[in-house]
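Worksheet: the structure to be examined is printed underneath.
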Amino acid sequence: MESSHPDRQHLRQSLISAREALPAADRAQRECALLQNLRSLLETLNASNAHAILGFCWPFRGEPDLRPAIAAWLTADAARRAALPVVNDQAAPLGFRHWTPDSTMQPDRYGIPTPVDGPTLQPSLLLIPVNGFDARGYRLGYGGGYFDRTLASLEAPTLTIGIGFELARLPRIAEAEHDKRLDWIVTEAGAFAAEPI
């Protein structure tokens, strides 16, 4: 697993620290631009309503807060649904539980809020936080392998969008065999399709 590689551990911690250290005004400006870029991409991708179930993550350790964009996306079409990941077992893929802005939340084993109840959904579109990323769509996560296991387990194709600030952009991430590439990356600078390899 990537978490055991010391170079990746050091890089991951350095990138998380830089994100957490962003001054409040700078963070707010970056987040506003990122959310605008995300809204534009979501509307483009949902032109045919093929991606009506969207999975996303609660903000953690200075990550962008996507909830305003998700709430706006839900309001635009009653057929749309959103879901948050649920860790059922450390070695298992993530589950996704239905979320609305009115959902009752409780902290999970990592202290991240998750919906208390609601149906399990399978997202057709998944927003994945990135601590680091490259133009080819490889990401540096937290080292647990949750999203790689989840993407490998999904029966239907799922479009993946990495979410992070530009300070997470790297020239190249040395991918591991189990790493799954993202289809898109959204930052405050724009929405970028992963470069072919």
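List of remarks:
- Failed item in (1) surrounded by fewer than 14 Cβ atoms within 10 Å (Cβ to Cβ); (2) part of a strand (DSSP E or B), with P85 passing the rest: (1)
- Residue check, A194 closer than 18 Å to L35 by Cα, among the aliphatic types (A, V, I, L, M) and touching a Leu at 6+ places or on another chain (Cβ under 8 Å): no
- Within the set D65, D108, the sole residue that is over 16 Å from the mean Cα position of the chain (by Cα) and acidic (D, E) turns out to be D108.
- Selection within region 66-82: residues that are crowded, with 16+ Cβ neighbours inside 10 Å and part of a loop (DSSP other than H, G, I, E, B). The member of this set that is modelled with the highest pLDDT is L66.
- Whichever residue in region 157-181 is at pLDDT below 95 and among the aliphatic types (A, V, I, L, M) and, among such residues, is surrounded by the most Cβ atoms within 10 Å (Cβ to Cβ): I173
- Flag for R149 being among the charged types (D, E, K, R), more than 22 Å from F192 (Cβ to Cβ) and surrounded by fewer than 21 Cβ atoms within 10 Å (Cβ to Cβ): yes
The values are calculated or read from the model by the stated rules, or taken from the named source; none is laboratory data. Being a predicted model, the structure only gives us computed values, none of them experimental. Virtual Cβ from ideal backbone geometry, glycine too; neighbours counted across all protein chains shown.
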